[in-house]
1. Restricting to the range 126-149, name every residue that is over 22 Å from residue 294 (Cβ atoms) and not basic (Lys, Arg).
2. Would you check if there is a residue in the range 50-59 being surrounded by 15 or more Cβ atoms within 10 Å (Cβ to Cβ) and in contact with a Lys or Arg (Cβ under 6 Å, 6 or more places away or on another chain)?
3. Could you tell me how many of the residues in the range 135-162 are under 11 Å from the mean Cα position of the chain (by Cα) and surrounded by 14 or more Cβ atoms within 10 Å (Cβ to Cβ)?
4. Under 6 Å by Cβ, and 6 or more places apart or on different chains, what pairs join a residue from the range 163-180 that is surrounded by 11 or more Cβ atoms within 10 Å (Cβ to Cβ) with one that is part of a loop (DSSP other than H, G, I, E, B)?
5. Which condition number does residue 265 fail, the rest of (1) among the charged types (D, E, K, R); (2) surrounded by fewer than 23 Cβ atoms within 10 Å (Cβ to Cβ); (3) within 19 Å of residue 121 (Cα to Cα) being met?
6. Being crowded, with 16+ Cβ neighbours inside 10 Å and hydroxyl-bearing (Ser, Thr, Tyr) is the filter; apply it to the range 185-208 and report the residue that is farthest from residue 276 (Cα to Cα).
7. Quick check, is residue 110 in a loop (DSSP other than H, G, I, E, B), in contact with a Leu (Cβ under 7 Å, 6 or more places away or on another chain) and either in the same structural domain as residue 196 (by TED's automatic domain parsing) or crowded, with 17+ Cβ neighbours inside 10 Å (or both)?
8. Restricting attention to the range 210-249, and to residues there that are outside any helix (DSSP H, G or I) and aromatic (Phe, Trp, Tyr), which single residue is surrounded by the fewest Cβ atoms within 10 Å (Cβ to Cβ)?
Amino acid sequence: MILNRLTVVNFKNIVQADLELSPKMNCLVGRNGMGKTNLLDAVYYLSFCRSASNPIDSQVMFHDSDYCVVQGHYVADDGEPCDVFCGVKRGQRKQVKRNGKAYARYSEHLGLIPLVMVSPSDAALIAGGSEERRRFLDVAISQYDREYLWSLNRYEKALEQRNTMLKQEEEPDWEVMGLWEEMMAEEGCVIYEKRKAFVTQFTPIFQEYYSLISEGKEGVSLTYQSHGDRGDLLKVIRDGRAKERILGYSLHGTHKDDLDMKLGDYPIKREGSQGQNKTYLVALKLAQFEFLKRASHTTPLLLLDDIFDRLDASRVEQIVRLVSGDRFGQIFVTDVNRGNMDKMLAAVGGDYKLFNVEKGEITENKSV
């Protein structure tokens, strides 16, 4: 998938941008806070119908604007053109259209323009709680498996209903709760099996990328942890009723799944240096790209936001070598350091564009 042209109006601090893009490398250079990440977020919005950093659509509009628009003109791997329009008006429902036709559900769009983003916020995958790692699994799998997304939505609906019943003061209707528990168990089993299969197939790809970036200096691993490992998920959920009635929320189920991330034999959260953590996260996302490309039979877009921060020169060199090779398609990369960009452009050697970003204004640097 290639994004040929991007139009942005009143999105965050970008009042107006209309960009013709390179099918290979698009570099955004500017100081912090100028809007580089906001432009990447606009590209992200076209794939996921939401911002990567803020789920509230009204808050992505520029200051007191009444609307914002993001529009992309794509070409699929088979040459088929595709136009995507996302528009938000204050006080109205968001509009998402593909080739002029509006979606009834935004979820119908997910996965049609696969995308992987590497950003500083990925640090939460290591430092944050299990919900961050579940979100990684959900975003990765949902882009190529609609059944997974459907099961995830049904599971979350059942979980919400069960938690509401657990919180109520009067004794809940246990028969009704049993129906919600059955839905949780049924959809939870689907989620469990698909997450387990993903991690099993994904881990060797991740380890390969980590080894390439670190030049084989450390070993890493990923282990999927789930209540589904305990056997009958319905029994696991129901066995917690008494304690959960006191607490007012559900303690057992796939909404408590986690990924055990290790550097060598120890948790990377405890043992990893800043450079090792960054390497771990970049390897995760590049492996996600590789996996998604294979599973969806479509080349995803790759967004690299401030990717070189906290990495030594040798690891930067390895990443530049990787992303400038034939494995990847269209890439968007940001950095405050023009020197890092020059290294990447020299490695690419072919088609690229360089854009300067200053206070929300994006201009192409045609002197390179």
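The values are calculated or read from the model by the stated rules, or taken from the named source; none is laboratory data. Since this is a predicted model, take the numbers as computed values, not measurements. Cβ atoms come from the backbone with ideal geometry, glycine included; neighbour counts cover every protein chain shown.
1. Residues satisfying the conditions are 126, 127, 128, 129, 130, 131, 132.
2. Yes, the range 50-59 has at least one match.
3. 8
4. Every condition considered, the pairs that remain are 163/249; 163/250; 165/172; 166/248; 167/248.
5. Unmet condition: (3).
6. Among those that are crowded, with 16+ Cβ neighbours inside 10 Å and hydroxyl-bearing (Ser, Thr, Tyr), it is 192.
7. yes
8. Per the stated criteria, the residue is 249.
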